[in-house]
Each structure stands twice: as structure tokens, then as C-alpha cells.
Amino acid sequence: ITVNPTAQVDQPVDQVVCNGADVSVVFTTQNTLGFTSYSWLSDTQIGAGLSGNDNMNFTATNLTAAPVVAAINVTPTFTSGGITNVGDVISFTITVNPSAQVDQPEDQVVCNGDTTSIVEFATQNTGGTTTYTWTNNTPSIGLSGSGSGDILSFTATNSSTEPVVATITVTPAFENGDIVCDGEDKTFTITVN
């Protein structure tokens, strides 16, 4: 008389990933001999589909402005000697962060010696923290070549005889669950007459 063990799946680790990241979840079991298969269900669309069999391999998708959390339920099935039994369902989560995003800053035109307007960066993203770094390709206007956070007002400088146009590139970064996600750069100009 052969008594098969109850089907079992090890607890998968919760994951936090970025939109567009490659995700791999390999299901394992403590059972030996026989054959263990796995079926899973997801309660939301994150790029993996709403159901599947065996391991999960997919590209994470989140087209919203906030993290999307999917609860995944995994059911193990053990087969040996032509007999199949189903084990307890195990649950875990996969959180897909949105891509970082920054609203388009407005261009500025000022005169030599004038004070620029503060540049306050903003985002549509929620559910995490967005930070900003920026670079300036023309530090001669009175603004450093790089920095982080908002750009404070400064006294614009132009010692030449024609307008000087500085291009500022701002890069957003979105953080949630100790995972930092990049986003699309935005550029704007500060022209000093």
C-alpha cells in the first residue's frame, strides 16, 4: 500500500518590481519522487495574465500612476502511481510600481541680472516617493551644471551680446517598497537675454 504525501508548495516571497521589469517566480516543493505541478490565479492584470500553470515568467506591466498589487494564489498538485491529490493554496503578492514621471516644466526667458522663477517639479504618480535630479548644459547662466530637487531662483547671467539658451534635463525616480524605478527625462530651457 503506497500512501502519497499531500501536495505542497513552498511559500513564494512577495516581490516589488518596476513597470517593464522581467519577473520570474519558480515554484518549489519539499515533496520528492512523484510529480508536483502548480496552477496559479492572479486577481489583477500585471502582465502575467489572470491564470497560468507552472512557473511564472513575464514582463511586469503597470500603465497607471500608482503601484498595482496583485495577489497570486498557487495550488499544488501531486501525482504518483496514477493517483493525484491537490494541496493547500498558498498566496503571495507581486507589486508593480509605475514608471517614474515628471510633469513638463515651463521654459523661461529672462534678462541678464534678473531673478529666475523657481522651478518646482511635480508628478502624477502616487503611492510612493518621486525624487528629481537635473543637469544644465550651460552653467554660465548662473545655474550649476547639476543638482537634485527643485531649482531655486537665481540671478541670471549673460555677458555676451546675444541670448544664451540653457537646456535643463530633469530625470524622475519613483521609489516604493525599497525599489527605485526610472522614468522618461523631460527637458526645458532657460534663455538669458
query = When you scan segment 154-184, how many residues do you find that are farther than 15 Å from Val109 by Cβ, surrounded by fewer than 14 Cβ atoms within 10 Å (Cβ to Cβ) and free of Cβ contacts under 8 Å to residues at least 40 places away in the same chain?
reply = 2
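Results for (1) in contact with a Gly (Cβ under 9 Å, 6 or more places away or on another chain); (2) in a strand (DSSP E or B); (3) under 19 Å from Ala21 (Cα atoms), shown as yes or no for each residue.
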residue	(1), (2), (3)
Val102	yes, no, no
Thr133	yes, yes, no
Ser140	no, no, no
Leu143	no, no, no
Ser159	no, no, no
Ile168	no, yes, no
Ala173	yes, yes, yes
Asp182	no, yes, yes
task = Kindly provide the set of residues from segment 62-92 that are closer than 18 Å to Gln45 by Cβ, open to solvent by 40 Å² or more (accessible area, probe 1.4 Å) and either in contact with a strand residue (DSSP E or B) (Cβ under 6 Å, 6 or more places away or on another chain) or among the polar types (S, T, N, Q) (or both), ordered by number.
result = Thr64, Val69, Asn73, Ser91
message = Please pick out the residue among Thr95, Thr84, Thr59, Thr32 that is closer than 30 Å to Asn125 by Cα and free of Cβ contacts under 8 Å to residues at least 40 places away in the same chain.
response = Thr59
ask   = Would you say Gly127 is under 26 Å from the mean Cα position of the chain (by Cα), of a type in the set (Gly, Ala, Ser) and open to solvent by 50 Å² or more (accessible area, probe 1.4 Å)?
value = yes
task = Report, by residue number, each residue of segment 1-55 that is surrounded by 19 or more Cβ atoms within 10 Å (Cβ to Cβ), of a type in the set (A, V, I, L, M) and over 17 Å from Gly177 (Cβ atoms).
result = Ala7, Val9, Ala48
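The values are calculated or read from the model by the stated rules, or taken from the named source; none is laboratory data. On a predicted model such as this, the values are computed, not experimentally measured, just so you know. We place every Cβ from the backbone using ideal geometry, glycine too, and count neighbours over all the protein chains shown. Only protein heavy atoms, including side chains, enter the accessible area calculation; ligands, DNA and RNA are left aside. Shrake-Rupley method; radii C 1.70, N 1.55, O 1.52, S 1.80 Å.
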